[in-house]
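S.K.: I have a structure here, written as structure tokens, and I will follow up with some questions on it.
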Amino acid sequence: GIMLVPVALGLAVCAGAMGASLASDLGRGRLSWRQPFGALVGVIFAIGLVPTAVNSVQGSWHQPSLTLPQLLAQLPATSTDGDYRTLFIGDSRVLPGAPLGFGWGISYSVINGPVAKVDEHWEIPETTVRENASAAMYGIVRGQTSRAGRLLAPLSVRFIVVPVIDGAQSTRDNPIAAPQGLVESLSRQLDLKRKFASPDVVVFENSSWLPVRSMLTDVGSQSSQLAGAQSMIAADISGASALPAVEYFNSTVTAQVEPGTLHLAVPFTPQWKVTVDGREFSSRPAFGLTNAYEIDTGGAATISFTASRWHSLLILVQFVTWSVTLFIALSRRRQRVSRRDKPTVFDAPAISLQGEVAQ
């Protein structure tokens, strides 16, 4: 629906151009093929507005009365126990976010919090974090592990949702069934507890999850120094202390911390900065995937994100490009207006008398 906005703009421009051309032809007082064609287009536009008028009578525009976000309203707010992520798995047609398929007609998507935002509908790039999530999904579907919850814990996946009816693509009258055996495979996972089940959606909670920003336990700190699925499955890293939740994912956070391991459930990158009372701590890979910081002194910790110089340069290039484009477009328009308004100057005299001698 979001991508239909440029289409609607194009239709509006087309309608305006047709109306303007029809008015221009009528002003000339000449009858041509364009005038009947313009009238026909006007009739077609009027017919196209009939469904809009019919749908507007109800007031709700025939939107579904029960949608997937309404069903997920029971999930806790992120500010209660820290930020978390939700993993959706099932048929790609009913999954929010940017679904990734991995075979057997099954796809999955991961979003921040319980409801997908606009920027989470773009496909995520290939990273080690994405590979780890895919490995956990393979383990669930193919029955290769019963500890998939521990594999998803460093990614802050707290809830796993199997949507069946989303109110849009899948309805009660025409439902899209969940992939066969998927719910049963999730039920066999030792770290996943069924939190809610209905014909519309099934929700599991991961008991091993870590908040996006947290202070790890001693067991979690030791496990974070290793890499690979076996090390994550072997240890229960739950029980981490959550840091304050934020509205935007890359917002700056300040909180009091004790000495220990501070963990950020983000793909490993040095762009995240952690300082305690003004002292900066270097990052290390955690679980071979995410960021960890060894804090040796307590105090006020500040977590912030700094964009790379390359990213800032690209934004500057885009700004300059748009500025030059607007300047050229507006300057050409002023030139056309000035040329049209400029009075005509005749070099020859208006009256020439026969025999007149030029001075």
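S.K.: Given a 1.4 angstrom probe, I'd like the percentage of the accessible area of region 51-149 that is carbon and sulfur, rounded to a whole number.
M.R.: Accessible surface attributable to carbon and sulfur in region 51-149 totals 54 percent.
S.K.: Cross-link partners among aspartates and glutamates for Lys117, C-alpha distance below 19 Å, same-chain residues fewer than 8 apart left out?
M.R.: Within reach: Asp83, Asp166, Glu247.
S.K.: Something else now. When the Karplus curve 6.51 cos²θ - 1.76 cosθ + 1.60 is applied with θ = phi - 60°, which whole-Hz ³J(HN,Hα) does each residue of region 85-93 get, with x for Gly and Pro?
M.R.: Each residue's phi maps through the Karplus curve to give 10, 10, 9, 9, 9, x, 6, 4, 6 Hz.
S.K.: Hey, another quick one. Quick check for you: with a 1.4 Å probe and neighbouring chains kept, what is the accessible area per residue of the chain, in Å²?
M.R.: 61
S.K.: Let me ask you something else. Please check which bits of region 149-168 a label hung off Phe102 would reach, taking the label as a point 7 Å along Cα-to-C-beta and the cut-off as backbone N under 20 Å.
M.R.: Within reach of a label on Phe102, which here means backbone N under 20 Å from a point 7 Å along Cα→Cβ, region 149-168 contributes 149-164.
S.K.: Check each of the GluC sites (Glu not before Pro) in region 102-192 and keep only those in coil by DSSP with at most 12 other C-beta atoms within 10 angstrom; list them in order.
M.R.: Sparse-neighbourhood loop GluC sites (Glu not before Pro): Glu123, Glu126.
S.K.: In region 84-124, which chymotrypsin sites (Phe, Trp or Tyr not before Pro) fall in coil by DSSP and have 11 or fewer other Cβ atoms within 10 Å?
M.R.: Filter output for region 84-124: Trp122.
S.K.: How far, in degrees from 0 to 90, does helix 309-341 lean away from the longest principal axis of the Cα atoms of the chain, to the nearest 10?
M.R.: Its long axis makes an angle of about 10 degrees.
S.K.: Please give the net charge around Gly113, taking every other residue with its beta carbon less than 11 angstrom from that of Gly113, where Lys and Arg add +1 and Asp and Glu add -1.
M.R.: Taking every Cβ under 11 Å from that of Gly113, the sum is 0.
S.K.: Related question: Filter the trypsin sites (Lys or Arg not before Pro) in region 119-215 down to the DSSP loop ones having no more than 16 other Cβ atoms within 10 Å, then list what survives.
M.R.: Here the trypsin sites (Lys or Arg not before Pro) that fit, given the DSSP loop and packing criteria, are Arg142, Arg172, Arg188.
S.K.: Using only Cα atoms, find the angle between the long axis of helix 128-141 and the longest principal axis of the chain, and express it within 0 to 90 degrees, rounded to the nearest 10.
M.R.: With both axes taken from Cα atoms, the answer is about 60 degrees.
S.K.: Further, regarding this structure: Is it possible to state the helix-based mean residue ellipticity at 222 nm for the chain, with each DSSP H run of 4+ residues giving -39500 (n - 2.57), the sum divided by total residues, to the nearest 500 deg cm²/dmol? What is it?
M.R.: Computed mean residue ellipticity for the chain: -11000 deg cm²/dmol.
S.K.: What does the charge count near Gly298 come to, summing +1 for each Lys or Arg and -1 for each Asp or Glu among other residues with Cβ under 14 Å from its Cβ?
M.R.: Net of charged neighbours comes to -3.
S.K.: Rounded to a whole number, what % of the accessible area of region 212-323 do carbon and sulfur atoms account for, probe 1.4 Å?
M.R.: On region 212-323, the fraction of accessible area on carbon and sulfur atoms equals 58 percent.
S.K.: Let me test this: with uniform point scatterers at the alpha carbons of region 172-313, what is the Debye-based log₁₀ I(q)/I(0) at q = 0.10, 0.14, 0.16, 0.20 1/Å?
M.R.: Taking Cα atoms of region 172-313 as identical point scatterers yields -0.46, -0.77, -0.91, -1.17.
S.K.: What is the P(r) of the chain, as percent of Cα-Cα pairs per 10 Å bin from 0?
M.R.: Per 10 Å bin, starting at 0, the Cα pair percentages come out as 4, 17, 21, 17, 14, 10, 7, 4, 2, 2, 1, 0.
S.K.: Still on this structure, please answer the following. How large is ³J(HN,Hα), in whole Hz, for each residue of region 51-56 in order, when computed from phi with the Karplus curve 6.51 cos²θ - 1.76 cosθ + 1.60 and θ = phi - 60°, using x for Gly and Pro?
M.R.: My calculation for region 51-56 gives x, 4, 5, 5, 5, 6 Hz in order.
S.K.: How much FRET efficiency would the formula 1/(1 + (r/R0)^6) give for Val115 and Gln256, where r is the Cβ-Cβ distance and R0 is 30 Å, rounded to 0.05?
M.R.: That pair, Val115 with Gln256, gives E of 0.50.
S.K.: Sticking with this structure for a sec: Taking the Cα centre as origin and putting +1 on Lys and Arg beta-carbons and -1 on Asp and Glu beta-carbons, what dipole magnitude results for the chain, to the nearest 20 debye?
M.R.: For this selection, approximately 1200 debye.
S.K.: Here is a follow-up. All other residues with a Cβ under 14 Å from the Cβ of Leu289 taken together, and with Lys, Arg as +1 and Asp, Glu as -1, what is their net charge?
M.R.: With Lys, Arg at +1 and Asp, Glu at -1, the net is +2.
The values are calculated or read from the model by the stated rules, or taken from the named source; none is laboratory data. Small disclaimer: the values here were computed from a predicted structure and weren't measured. Cβ atoms come from the backbone with ideal geometry, glycine included; neighbour counts cover every protein chain shown. To get the accessible areas, we keep the full protein, side chains included, count just its heavy atoms, and leave off ligands, DNA and RNA. Shrake-Rupley method; radii C 1.70, N 1.55, O 1.52, S 1.80 Å.
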